[in-house]
1. When the range 105-119 is examined, which residues are found to be open to solvent by 80 Å² or more (accessible area, probe 1.4 Å) and among the hydrophobic types (A, V, I, L, M, F, W, C)?
2. When you go through (1) closer than 26 Å to Ala148 by Cβ; (2) part of a helix (DSSP H, G or I); (3) away from the ligand (no atom under 11 Å from the Cβ); (4) open to solvent by 80 Å² or more (accessible area, probe 1.4 Å) one by one for His15, which number turns out not to apply?
3. Ala70 versus (1) part of a helix (DSSP H, G or I); (2) of a type in the set (Gly, Ala, Ser); (3) open to solvent by 20 Å² or more (accessible area, probe 1.4 Å); (4) over 18 Å from Val134 (Cα atoms): which is the lone unmet condition?
4. What is the residue count in the range 48-81 for residues that are more than 7 Å from the ligand (Cβ to nearest atom) and without any contact (Cβ under 8 Å) to a residue 60 or more places away in the chain?
5. Restricting attention to the range 18-44, which residues are within 16 Å of the ligand (Cβ to nearest atom) and open to solvent by less than 70 Å² (accessible area, probe 1.4 Å)?
6. Has the range 134-149 got at least one residue that is in contact with a helix residue (DSSP H, G or I) (Cβ under 8 Å, 6 or more places away or on another chain) and more than 19 Å from His15 (Cα to Cα)?
7. Taking Gly152 as meeting all but one of (1) farther than 21 Å from Ala13 by Cβ; (2) part of a helix (DSSP H, G or I), write down the number of the exception.
8. Restricting to the range 106-129, give me the number of residues that are touching a residue at least 12 places away in the same chain (Cβ under 8 Å) and either in a helix (DSSP H, G or I) or on the phi > 0 side of the Ramachandran plot (or both).
Amino acid sequence: MDFATRDLLLAAAHHILIFSIAAVLAFEVGVVRPGLTATDIRRVARVDAWYGILAALIIAVGFVRAIYAAKGWAYYSVNTFFWAKLITFGIVGLLSVPPTIAYIRWRNALKKDESFLPAPAAVASARRFLWMEVVVFAFIPIFAAAMARGYGMPS
Ligand code: HEM
């Protein structure tokens, strides 16, 4: 496959994956709120499983792109904004852990007791982590745009 085609396909895959993970995060922010129902819990736990899958795919496609396409590894490996982007993505990943643990706990509690509903404080806590994810996530496209335009290269 010639370079231009490879670069185009990886760029397209990268964009589809990052929009998908942003959509999952937006969905969770929309559902995890006061008044959460048993149906919501089952749905958000199911959708959240895609968060992990998409994150792994973004990292895989991202590194393949950085090494075998776009401007090549010699460029990204020394670019500050590239590493800032990855560290920020890592922080978003860490912030996604407590909500995921909560969903799994709630779903398991529901299996034992159909009338189970999480305490308002537990829902509020999961929601706080989701909003922190959103705020931190917003920096990634900013770093990406700077990285793609030569900012962050050693002088
Ligand atoms: C949710 C996480 C991510 C988001 C939101 C994101 C966002 C973006 C955006 C918006 C661009 C286009 C930049 C532009 O042309 O203005 C881009 C390009 C790129 N991203 Fe990501 N990205 C993410 C994760 C990653 C990861 C994990 C890697 C590598 C391991 C990566 C590697 C790249 C590369 C190599 C480019 C091409 C930049 C260029 O054209 O020189 N991205 N990313």
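1. Hit for the range 105-119 is Leu117, nothing else.
2. His15 satisfies all of (1) closer than 26 Å to Ala148 by Cβ; (2) part of a helix (DSSP H, G or I); (3) away from the ligand (no atom under 11 Å from the Cβ); (4) open to solvent by 80 Å² or more (accessible area, probe 1.4 Å) except (3).
3. (1)
4. 18
5. Once the filter is applied, which keeps residues that are within 16 Å of the ligand (Cβ to nearest atom) and open to solvent by less than 70 Å² (accessible area, probe 1.4 Å), the range 18-44 yields Ile18, Ser20, Ile21, Ala22, Ala23, Val24, Leu25, Ala26, Phe27, Glu28, Val29.
6. No, the conditions are met nowhere in the range 134-149.
7. That leaves (2) as the condition not met.
8. Going through the range 106-129 one residue at a time, the tally reaches 11.
The values are calculated or read from the model by the stated rules, or taken from the named source; none is laboratory data. Please read all numbers here as calculations on a predicted model, not as lab measurements. Positions of Cβ are backbone-derived with ideal geometry, glycine not excepted, and every protein chain shown enters the neighbour counts. To get the accessible areas, we keep the full protein, side chains included, count just its heavy atoms, and leave off ligands, DNA and RNA. Shrake-Rupley method; radii C 1.70, N 1.55, O 1.52, S 1.80 Å.
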